[in-house]
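Below: one structure, written as structure tokens.
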Amino acid sequence: MKLYKVITKDNKATIASFDYTKYLPNGNKKGKWLPIIKDVYECNSGYHVTNYWNMWLESKDNRIFEVEVKGVQEKKDTVGVIEKYVCKTFRFVKEIFPNFDDENNTGNSNTGNKNTGNKNTGNSNTGYWNTGDWNTGYWNTGNWNTGYWNTGNSNTGYWNTGNKNTGNSNTGYKNTGNKNTGNSNTGYWNTGDWNTGNKNTGNWNTSSFNTGFFNTEKIEKIKVFNKTCNKKEWDNCNKPNFIYFDINEKIGYKKSFIESFKKANKDDIKLLLELPNFDYKVFEDISGITKSMINRRIK
């Protein structure tokens, strides 16, 4: 990871008054190390550097340097863009000279300010096609995102629409797993909250496939066609392909189910009848597909 230091045109810190003149590089020779500060604390003591210099750019007169650091304070449990780091010491390696436009952008087709990517409409973005601010990924519409296609804030994954997610395809908040629609999940495909297991619809479960609360035991029994079934039996059975279908919003769920059924072959439909606890009436209530429709297809 490359780190940078932005200073004023007269070699001062942009926030403090420290003068870096005697520490700057001389030609191809790196600058000397800054005096060590033992106890560092962000925004309080220590030297602050960044991997996104455009976020700290105040004007085109600022000088931008690549730096080497020692004693960087580790960032833990941080989501979204990390705009700065604090360290015990650093030295200037070389000055960089971006090509700025009138709005301090170095990319193309930006309508915001201080962007280093292209086609951003927000500010201080380093990715592409962002419409928010301080994004480092692509196609973000929120703020402080480091992934792609996020519409919330402070996401580091992909396709998140909530805030502070570090996984992918989350629509809730503070998820570290993937494809959650609830909040504060560390598992996958949860629709509840605070689950560390997978595919839970309840809350605070550490096991998987639970619909209740505070469960740790592995699920052995589930309901299939309104009757008890061993989960292992259900997992291992062959399921017909036609029961997996896209819903056409114009015709609705049942008609979409029926259309998928109509396209299925005889062998695929026969698999339906072999499902554990198969029940014609229950299946009809769900799908709209009657017993007579099934029998006509498998003759």
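No lab work stands behind these numbers, since they all come straight from the coordinates. This is a predicted model, so every value here is computed, not measured. Note: ideal-geometry Cβ built from the backbone for every residue, glycine included; neighbour counts use all protein chains shown.
Using a cut-off of 18 Å between alpha-carbon atoms, which lysines can reach Lys221, once sequence neighbours fewer than 8 places away in the same chain are excluded?
Counting by Cα, and skipping residues close in sequence, Lys221 has these lysines nearby: Lys199, Lys231, Lys232.
Give me the lysines in straight-line cross-link reach of Lys2: C-alpha distance below 20 Å, same-chain residues under 8 apart excluded.
Lys29, Lys30, Lys32, Lys70, Lys75, Lys76, Lys84, Lys88, Lys94, Lys114
For segment 241-298, what is the charge dipole size about the Cα centre, in debye to the nearest 20, if Lys and Arg each add +1 at the Cβ and Asp and Glu each add -1 at the Cβ?
300
Provide the net charge surrounding Ile36, with neighbours chosen by a C-beta distance below 15 Å and charges set as Lys +1, Arg +1, Asp -1, Glu -1.
+3
Relative contact order of the chain: what whole-number percent is it, with Cα pairs under 8 angstrom and at least 6 residues apart?
Relative contact order of the chain: 7 percent.
Per residue Cα convex hull volume for segment 241-298, in cubic angstrom?
It is 73 Å³ per residue.
Tell me, in nm to one decimal, what length is gained between Ser59 and Asn295 on full extension, where the rule is 0.36 nm per residue of separation less the Cα-Cα distance?
Between Ser59 and Asn295, full extension yields an extra 77.4 nm.
Calculate one ³J(HN,Hα) per residue across segment 50-57 by plugging θ = phi - 60° into the Karplus curve 6.51 cos²θ - 1.76 cosθ + 1.60, and present them in order as whole Hz with x for glycine and proline.
Rounded to whole hertz, the list is 8, 9, 10, 4, 5, 6, 10, 7.
Can you work out the Karplus-derived ³J(HN,Hα) for every residue in segment 220-234? Use 6.51 cos²θ - 1.76 cosθ + 1.60 with θ = phi - 60°, whole Hz, and x for glycine or proline.
For segment 220-234, the Karplus-derived couplings read 9, 10, 10, 9, 10, 6, 6, 10, 5, 8, 5, 4, 4, 5, 5 Hz, x marking Gly and Pro.
What Rg and what Dmax come out for segment 3-96 when only alpha-carbon atoms are used, in angstroms?
That works out to 12.8, 40 Å for Rg and Dmax.
Just want the answer: with Cβ charges of +1 for Lys and Arg and -1 for Asp and Glu, which residue in Thr116, Ser256, Tyr128 is farthest toward the dipole's positive end in the chain?
Ser256
Placing unit charges on C-beta atoms (Lys and Arg positive, Asp and Glu negative, everything else neutral), compute the dipole magnitude of the chain about its Cα centre in debye, rounded to 20.
Computed charge dipole of the chain: roughly 780 debye.
Run the numbers on segment 241-298 and let me know its relative contact order in percent, using alpha-carbon pairs under 8 Å that are six or more apart.
Reported relative contact order: 35 percent.
Determine, at each q value in 0.11, 0.13 (inverse angstroms), the log₁₀ of I(q)/I(0) that the Debye formula gives when each Cα of the chain is one equal point scatterer.
Debye intensities relative to I(0), on a log10 scale: -0.81, -0.97.
Is it possible to state the helix-based mean residue ellipticity at 222 nm for the chain, with each DSSP H run of 4+ residues giving -39500 (n - 2.57), the sum divided by total residues, to the nearest 500 deg cm²/dmol? What is it?
Helix contribution divided over all residues of the chain: -3500 deg cm²/dmol.
What FRET efficiency would be calculated for the residue pair Tyr244, Phe214, taking the C-beta separation as r and a Förster radius of 35 Å, to the nearest 0.05?
0.60
Report the normalised scattering of segment 66-217 as log10 I(q)/I(0) at q = 0.12, 0.14, 0.20 Å⁻¹, calculated by the Debye formula with identical scatterers on the alpha carbons.
Ignoring solvent entirely, the Cα scatterers give -0.61, -0.74, -1.04.
Note down the relative contact order for segment 1-133 as a percent, whole number, built from C-alpha pairs under 8 angstrom at least six residues apart.
So the answer I get is 23 percent.
Decide, for segment 49-134, between rounded, prolate and oblate: order the square roots of the alpha carbon gyration tensor eigenvalues as a ≥ b ≥ c, take rounded if a/c falls under 1.5, and otherwise choose prolate if a/b is larger than b/c, else oblate.
Oblate, because a/c is 1.5 or more while a/b does not exceed b/c.
What number comes out for the charge environment of Lys299, summing +1 per Lys or Arg and -1 per Asp or Glu over other residues with Cβ under 14 Å away?
Overall, the nearby charge balance is +4.
Please give every one of the aspartates and glutamates within straight-line cross-link reach of Lys227, meaning a C-alpha to C-alpha distance under 20 Å, and leave out same-chain neighbours fewer than 8 residues apart.
The reachable aspartates and glutamates, counting only those whose Cα sits under 20 Å from Lys227, are Asp235, Glu274, Asp279, Glu284, Asp285.
Charges at C-beta only: +1 for Lys and Arg, -1 for Asp and Glu. How large is the resulting dipole of segment 22-158 about its Cα centre, in Debye rounded to 20?
700
Expressed as cubic angstrom per residue, what is the convex hull volume of the alpha carbon set of segment 199-299?
Spelled out: Cα convex hull of segment 199-299, divided by residues, is 112 Å³.
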